[in-house]
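**Q** Dumping the structure here so I can ask a few things about it.
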Amino acid sequence: MKKTALITGASRGIGRAAAMALACQDTAFDRIVLVARDSKHFEQTLAEVRGVSNSCEIIEIFADFDDPNVATEIFDQLDAQGIGLDTIINNAGFTKPATIVNTDLADFEKTMRVNLYSPFKMVQVALQRDHPLKSIINIASTAGISGRAGWLSYSTSKAAVINMSEVLRDELTPFGIKVICLSPGRCATDLRRTLAPDEDPNTIMQPSQVADVIKVMTSPVGDLLQTQNLVVRT
Ligand SMILES: NC(=O)c1ccc[n+]([C@@H]2O[C@H](COP(=O)([O-])OP(=O)(O)OC[C@H]3O[C@@H](n4cnc5c(N)ncnc54)[C@H](OP(=O)(O)O)[C@@H]3O)[C@@H](O)[C@H]2O)c1
């Protein structure tokens, strides 16, 4: 049975960097499933990840986490191909920063669907369908540890991811499933540019640095690290 990791939000930023890091060398995975919406940049990422992977098989799944049923559809595709997941990296993220007065309920709901409900559903369906899960990595944010003015929906969603990860850890550790919550600080990606448009991306953490931490957490060394919420920042 091939050891398989799935990464959501794999087309850009931290997810893309994690895919490159896990595919390009002797990590624990024989197969990586990359999930994002169908786009030119996802196509390019897939070609780049396949370019660096040696024996690691790369599979793509197109999915929009704005659709609450999409996790079920992802697992339908995995099950049809006989793919069992060992690791899920819940990384897809969305933000549309606004103050309390200016926050549209529709944007708040979308933020919760992508950032919170999608990791919830991905883990729930994997368990319901008896995937051989050994680890779950949820990408939260330092904005979920302390709320930021103007980031109401994003900060709220990430605080919930941190708390949900604690619940999952409590429930799943007895079954041998490791639950890791990573909270990056500011990292040079498109999402960060939406949150802080005037910032110079060269002065902050790079996606490859977060990916290096993800790589460690999926290695045997990562098994030795016990953490509630691992903050990653420069
Ligand atoms: N950058 C930071 O400073 C920072 C700090 C803390 C935490 N984080 C977290 O890190 C994670 C990765 O973000 P990033 O910074 O790497 O941002 P990014 O470069 O903007 O990438 C976001 C990823 O999420 C995917 N995504 C967004 N909406 C989606 C949807 N509706 N359906 C499916 N996929 C969707 C995107 O895929 P598409 O190509 O399909 O849009 C893309 O692959 C997020 O959870 C974010 O909150 C980032």
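**Q** Tally the residues that are away from the ligand (no atom under 14 Å from the Cβ) and in contact with a Pro (Cβ under 6 Å, 6 or more places away or on another chain), restricting the search to the stretch 134-186.
**A** Final tally of qualifying residues: 1.
**Q** What number goes with the only condition from (1) more than 12 Å from the ligand (Cβ to nearest atom); (2) within 19 Å of ALA21 (Cα to Cα); (3) open to solvent by 40 Å² or more (accessible area, probe 1.4 Å) that SER208 does not pass?
**A** Exception for SER208: condition (1).
**Q** Now for a separate question. How many residues, within the stretch 132-154, are buried (at least 22 other Cβ atoms within 10 Å of the Cβ), assigned to a loop (DSSP other than H, G, I, E, B) and touching a residue at least 60 places away in the same chain (Cβ under 8 Å)?
**A** Going through the stretch 132-154 one residue at a time, the tally reaches 1.
**Q** With the structure loaded, tell me whether ASN102 is part of a helix (DSSP H, G or I), open to solvent by 40 Å² or more (accessible area, probe 1.4 Å) and either away from the ligand (no atom under 16 Å from the Cβ) or on the phi < 0 side of the Ramachandran plot (or both) or whether it fails that test.
**A** No; evaluated as a whole, the condition is false for this residue.
**Q** State all residues of the stretch 49-73 that are of a type in the set (Val, Ile, Thr) and at pLDDT 95 or above; if no residue qualifies, say none.
**A** Listed by number, the residues that qualify are VAL49, ILE58, ILE59, ILE61, VAL70, THR72.
**Q** Counting only residues that are within 15 Å of the ligand (Cβ to nearest atom), of a type in the set (Asp, Glu) and open to solvent by 60 Å² or more (accessible area, probe 1.4 Å), how many does the stretch 105-131 have?
**A** Number satisfying all stated conditions: 1.
**Q** Those residues that are assigned to a strand (DSSP E or B) and of a type in the set (Gly, Ala, Ser), I need them from the stretch 84-99; list them, please.
**A** Within the stretch 84-99, ALA98 is the sole residue that qualifies.
**Q** Let me ask something additional. Regarding VAL49, is this residue more than 30 Å from ALA149 (Cβ to Cβ), crowded, with 21+ Cβ neighbours inside 10 Å and free of Cβ contacts under 8 Å to residues at least 40 places away in the same chain?
**A** For VAL49, the condition - more than 30 Å from ALA149 (Cβ to Cβ), crowded, with 21+ Cβ neighbours inside 10 Å and free of Cβ contacts under 8 Å to residues at least 40 places away in the same chain - is met.
**Q** Could you please find all residues in the stretch 23-48 being touching an Asp or Glu at 6+ places or on another chain (Cβ under 7 Å) and at pLDDT 95 or above?
**A** ARG31, LEU34, ARG37, LEU46
The values are calculated or read from the model by the stated rules, or taken from the named source; none is laboratory data. Note that the structure is a prediction, hence the values are computed from the model and not measured. A quick note on method: Cβ atoms are made from the backbone with ideal geometry, for glycine too, and the neighbour counts reach across all protein chains shown. Accessible surface is based on the protein model in full, side chains and every heavy atom, while ligands, DNA and RNA are left aside. Shrake-Rupley method; radii C 1.70, N 1.55, O 1.52, S 1.80 Å.
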